[in-house]
Amino acid sequence: MFGPQKNWQIGDRTFNGNRSFVKLKHFFLVLPISIITLYGCGDSPSNEVSNEAIYEAPPEIVKEYGYVLDDYEVERDTVQPGDSFGKILFDAKVDYATIQQITDSVADVFDTRRIQVGKPFVLLKTKDTTEAAQVFIYEKNREDYVVVDFQDSISAAAKKRPTTLYEREVSGVINDNLSNTFDDLGVSVNLAYKMADIYAWTIDFYKLNPGDRFKVIYEERFVNDSIPAGLGKIKACLFEHKGREIYAFRFEHDSLPGGHDYYDEKGENLRRAFLKGPLQYNRISSYYNLKRRIKYYGYKVRPHKGTDYAGAIGTPILATADGTVTKSERRGGNGNYVKIRHNSTYETQYLHMQKRKVKVGDFVRQGEVIGTIGMTGNTGGPHVCYRFWKNGRQVDPFKQDLPASEPMASELIPIYDSIKAPLHSQLEAIPFVSEADQDDLSLEEEAPIQ
């Protein structure tokens, strides 16, 4: 109740923690009674000044990352362009041999080659004249950090700051694009990306209209109840696109693939058997076209039996449906590619990869990363050529009547309805931002989730 216990000295007596607080209360309660008793006997107060002890509270011990900071010279900085783990330590008076020993010793916990420009780090140095570094702390993000300690022996530990999970609510109206709308609301754009994942089969987030609007109930983690540390799950949302309301409610159950999925008001799965495209945020640079002229071939007519999705080199490529990998190789104009058999009817193929992350025989789930965008094979720029096979023939995926996901099992419907009902009521109670006070777009503080 009164915080950490501390010891302090009064005369030759040592008081400790809350017990000393009780004793001091008793001391001050008794003193006025003693004075009244003395006056009652006809004595006047003495003119002598008693020797009173001057109490000085002990200095507060500041601990961070598990270390008492007063024991060290503390240097806080961020990784600069041209910095490396070795350079930072060498500048902090650690010799090259020790740096190499540290790097080798901590490799299983911390890959020192992957420190990133702009990330904060802390050096704890000796307080003597050498000021040599003894501890290196690297902040991966606001929640995760790595401690490399080389004082007596070398050790490394990946740690997390304790966080509190809060439930939040937000609503908004699209003016130009989703990213700017979330910036205006002061909400992480990562929430928009999560919503795009949920509605990937029903809404094209590259073709939103001004006036489209949304409401979301979601979770967010905070360090020290004030520093945002990342988003949790979206519990429910409503997106109104072209006047059509599309609800999404998160439903968790052990029988579901991945343990959870999102369903609409009627309990129908928002997921389809196939994703609309193989990237998280799909931008088509070239459609399926049997009469396309290709620059690489001198603008001669060459059928293009795939759909090209542009993206930066290294962008993750996703399996568009569950299936088994039948090809994972590099060949000719295809470059690095992966082919997946989904069932007896459908197969998909992903060309020009930088890296392949699956091998033949692997079973992959929809949305699983199977490779990254590259420029291998015949290509004029970084992209993935997505090819769709039906009954052994390459077809245009946008002209196929693709199957829906399996419906919810009948025995789960009552459980789902009991979870959906309060979330639906909560969504209905959230005003759209255009209906709220335009002068205050701040989020309401919510109680932490226990």
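The values are calculated or read from the model by the stated rules, or taken from the named source; none is laboratory data. None of these values were measured; they are calculated from a predicted model. Don't worry about glycine lacking a Cβ; one is built from the backbone with ideal geometry, like all the others, and counts go over all protein chains shown.
On the basis of being modelled with pLDDT of 95 or more and surrounded by 15 or more Cβ atoms within 10 Å (Cβ to Cβ), does ILE88 make the cut? Yes, satisfied. Within the set VAL122, VAL117, the sole residue that is assigned to a strand (DSSP E or B) and either under 21 Å from ALA229 (Cα atoms) or not assigned by TED's automatic domain parsing to the domain that holds ASN224 (or both) turns out to be VAL122. Working only within the stretch 243-282, note down all residues that are modelled with pLDDT of 90 or more and basic (Lys, Arg). ARG244, ARG250, LYS266 - these are the residues of the stretch 243-282 that are modelled with pLDDT of 90 or more and basic (Lys, Arg).
The criterion of being farther than 28 Å from SER171 by Cβ and without any contact (Cβ under 8 Å) to a residue 40 or more places away in the chain does not hold for LYS266. Inside the stretch 239-261, residues that are part of a loop (DSSP other than H, G, I, E, B) and over 24 Å from the mean Cα position of the chain (by Cα) make up a count of 3. The residues of the stretch 281-334 that are more than 33 Å from the chain's Cα centre (by Cα), under 15 Å from GLY381 (Cβ atoms) and among the aliphatic types (A, V, I, L, M) amount to a single one, ILE294.
To keep it simple, each residue is scored yes or no on (1) at pLDDT 85 or above; (2) outside any helix (DSSP H, G or I); (3) within 27 Å of the chain's Cα centre (by Cα).
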residue: THR372; (1), (2), (3): yes, yes, yes
residue: GLY380; (1), (2), (3): no, yes, no
residue: ARG387; (1), (2), (3): yes, yes, no
residue: GLN394; (1), (2), (3): yes, yes, no
residue: LYS420; (1), (2), (3): yes, no, yes
residue: LEU423; (1), (2), (3): yes, no, yes
residue: LEU427; (1), (2), (3): yes, no, yes
residue: SER434; (1), (2), (3): no, no, no
residue: SER442; (1), (2), (3): no, yes, yes
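Going through the stretch 113-125 one residue at a time, which ones are modelled with pLDDT under 95 and surrounded by 13 or more Cβ atoms within 10 Å (Cβ to Cβ)? If the condition is that a residue be modelled with pLDDT under 95 and surrounded by 13 or more Cβ atoms within 10 Å (Cβ to Cβ), then ILE115 is the only one that fits. When each of ILE234, ILE227 is tested for being within 24 Å of the chain's Cα centre (by Cα), buried (at least 19 other Cβ atoms within 10 Å of the Cβ) and of a type outside the set (Phe, Trp, Tyr), the lone residue that passes is ILE234. Residue count for the stretch 156-173 satisfying the condition of being touching a helix residue (DSSP H, G or I) at 6+ places or on another chain (Cβ under 8 Å) and surrounded by fewer than 19 Cβ atoms within 10 Å (Cβ to Cβ): 2. Inspect the stretch 305-323 for any residue being touching a helix residue (DSSP H, G or I) at 6+ places or on another chain (Cβ under 7 Å), modelled with pLDDT of 90 or more and surrounded by 12 or more Cβ atoms within 10 Å (Cβ to Cβ) and give the result as yes or no. The answer is yes; a qualifying residue exists. Looking for something of a type outside the set (Phe, Trp, Tyr), crowded, with 19+ Cβ neighbours inside 10 Å and outside the structural domain of TYR199 (by TED's automatic domain parsing) - is there at least one such residue anywhere in the stretch 136-146? There is at least one residue in the stretch 136-146 that is of a type outside the set (Phe, Trp, Tyr), crowded, with 19+ Cβ neighbours inside 10 Å and outside the structural domain of TYR199 (by TED's automatic domain parsing).
Among residues of the stretch 387-401 that are under 16 Å from GLY277 (Cα atoms), those with a beta-carbon under 9 Å from a residue that is of a type in the set (A, V, I, L, M) at least six positions away or on a different chain give the pairs ARG387/LEU351; PHE388/VAL395; TRP389/VAL395.
Within the stretch 179-217, the set of residues being of a type in the set (D, E, K, R), over 26 Å from LEU318 (Cα atoms), touching a residue at least 60 places away in the same chain (Cβ under 8 Å) and surrounded by fewer than 20 Cβ atoms within 10 Å (Cβ to Cβ) comprises ASP184, ARG213. A count restricted to the stretch 133-187 and to residues that are among the hydroxyl-bearing types (Ser, Thr, Tyr) and part of a helix (DSSP H, G or I) stands at 2. For the stretch 241-263, indicate whether the set of residues that are among the aliphatic types (A, V, I, L, M), free of Cβ contacts under 8 Å to residues at least 40 places away in the same chain and within 25 Å of PRO403 (Cβ to Cβ) is non-empty. Checking the stretch 241-263: at least one residue is among the aliphatic types (A, V, I, L, M), free of Cβ contacts under 8 Å to residues at least 40 places away in the same chain and within 25 Å of PRO403 (Cβ to Cβ).
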